[in-house]
Amino acid sequence: MDRRMHLVGKVALVTGGASGMGCGFAEALLKAAAKVCIADINVETGVATESDLRQQYGHENVMFSKCNITSATEFEAVFKRTKEAFGGIDIVVNNAGIGGETDENWEQTVDVNMKGTLRGLRLAMYYLSVEHGGRGGCIVNVASMTGLNPNPLSPVYGCTKAGIIHATRCYVVSEAAKKSNIRLNVLCPAFVDTPMFRRLAAGDATQTIGGDQTAVTAFIERIGVLSTEEVSVALIDILTDETRNGLILRCAKKTGNVYSTLTVQDV
Ligand SMILES: NC(=O)c1ccc[n+]([C@@H]2O[C@H](COP(=O)([O-])OP(=O)(O)OC[C@H]3O[C@@H](n4cnc5c(N)ncnc54)[C@H](O)[C@@H]3O)[C@@H](O)[C@H]2O)c1
Ligand SMILES: CCCCC[C@H](O)/C=C/C=C\C=C\C=C\[C@@H](O)[C@@H](O)CCCC(=O)O
């Protein structure tokens with residue numbers, strides 16, 4: 001039996017879609033003939049990305065919606081608008097996230113990455129579920145290699161990413177996911193060449209603890225850096241192969257893409 005989910009005409013909502021990895025995901029989905037809502041806190045970049053993608057992939061296939069994922073009202077409004085504009089939602093990519101480890105910004109890292117992503121996950125489960133008028137589909141949460149393996153430079157960030165992995169793990173085994181045929185997977189990239197990564201590589205001291213840029217550079221060199229296109233190929237594989245469910249996909253320049261199961265041995 002063919003287990004490929006054709007993306008033609010499918011509707012995707014991508015948070016943090018104005019730039020970086022999210023923008024790459026939006027473009028990969030549009031290339032596969034899906035319709036995409038990019039939701040992002042940054043209106044200037046969001047409008048510019050929307051205009052660029054509309055020119056390439058058609059006005060009717062792309063929309064930008066301003067959304068701060070820490071706001072319950074704004075986030076819910078984006079789901080509503082996407083459903084109204086495109087007739088439903090099939091795919092949610094919870095990608096928006098930030099780094100920040102200082103006394104001033106570490107709690108914001110928790111608010112955006114942990115609470116914001118949980119909010120997106122809860123809304124996605126609601127909008128995709130059959131009992132609330134959904135039609136099932138696929139949720140991909142973007143965590144990080146740092147959510148699995150220790151990264152001595154950014155413990156708060158790493159902790160939020162571990163939380164995203166565990167939240168996905170819990171929803172995978174939920175009755176709600178099974179009843180509505182909702183697949184959930186988590187993407188764990190190592191370094192990817194995006195504005196966030198470039199700030200880190202350029203020495204933005206607010207992104208790490210310790211303030212040792214030599215250590216940051218050495219770490220990046222050891223791990224390697226992926227392009228957004230390489231990570232987008234990984235996303236499309238998760239979305240199109242309907243056997244992919246309850247999985248972690250690790251992506252790193254030197255080791256490639258490696259799938260493992262989210263669930264651990266039962267007690
Ligand atoms: N770049 C990397 O090396 C790397 C590696 C692994 C995981 N990640 C994760 O991938 C995701 C995307 O990161 P990126 O590198 O593309 O970063 P980026 O900063 O380049 O892009 C993130 C996008 O999210 C948006 N955003 C930030 N806060 C938001 C909020 N509160 N509400 C809505 N939108 C918001 C930004 O405006 C931006 O457009 C993040 O979750 C990040 O933690 C990044
Ligand atoms: C604001 C932070 C941006 C981080 C972006 C992103 O999420 C980065 C992830 C990168 C890789 C993590 C790799 C973890 C590796 C561990 O296996 C281990 O090798 C680390 C050991 C410490 C060391 O070698 O220095």
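The numbers here are math on the coordinates, done by the rules we state, and not lab data. Just so it is clear, the model here is predicted, and its values are computed rather than measured. Methodologically, a virtual Cβ is constructed for each residue, glycine included, from the backbone with ideal geometry; neighbour enumeration extends over all protein chains shown.
Considering only Cα-Cα distances, which of the following residue pairs are longer than 23 Å: 10/179; 66/253; 35/115? Cα-Cα > 23 Å for 66/253; 35/115; rest within. Taking the Cα centre of the range 15-155 as reference, the dipole from Cβ charges on Lys and Arg (+1) and Asp and Glu (-1) amounts to some 560 debye.
Bridges between two residues of the chain, per DSSP, are antiparallel at a rate of about 20%.
As a test, work out the antiparallel percent of DSSP beta bridges whose residues both lie in the range 179-267, rounded to the nearest 5.
Values: 6 of 12 bridges.
Close to 50 percent.
Net charge near residue 229: determine it from the other residues with C-beta under 14 Å of the C-beta of residue 229, scoring Lys and Arg +1 and Asp and Glu -1. Write out the running numbers ahead of the final one.
Details: positive: 31, 253; negative: 27, 193, 230, 237.
Neighbour charge sum, excluding residue 229 itself: -2.
Around the Cα centre of the chain, unit charges on the Cβ atoms of Lys, Arg, Asp and Glu (plus for the first two, minus for the last two) sum to a dipole of about 760 debye. Residues of the chain were split at every exposed loop site, defined as GluC sites (Glu not before Pro) in a DSSP loop with at most 16 other C-beta atoms within 10 angstrom, and the longest piece left, sites excluded, is 105-241. Principal axis analysis of the Cα atoms in the range 128-223 yields extents of 52, 22, 21 Å, listed in decreasing size. Between 24, 100, 210, where does the largest GNM mean-square fluctuation fall for the chain, given springs only between Cα atoms within less than 10 Å? Maximum among the listed residues: 210. Each 10 Å bin from zero holds the following percent of Cα-Cα pairs in the chain: 7, 32, 38, 19, 4, 0.
The spacing between the range 160-211 and the range 42-67, judged by their C-alpha centroids, is 24 Å.
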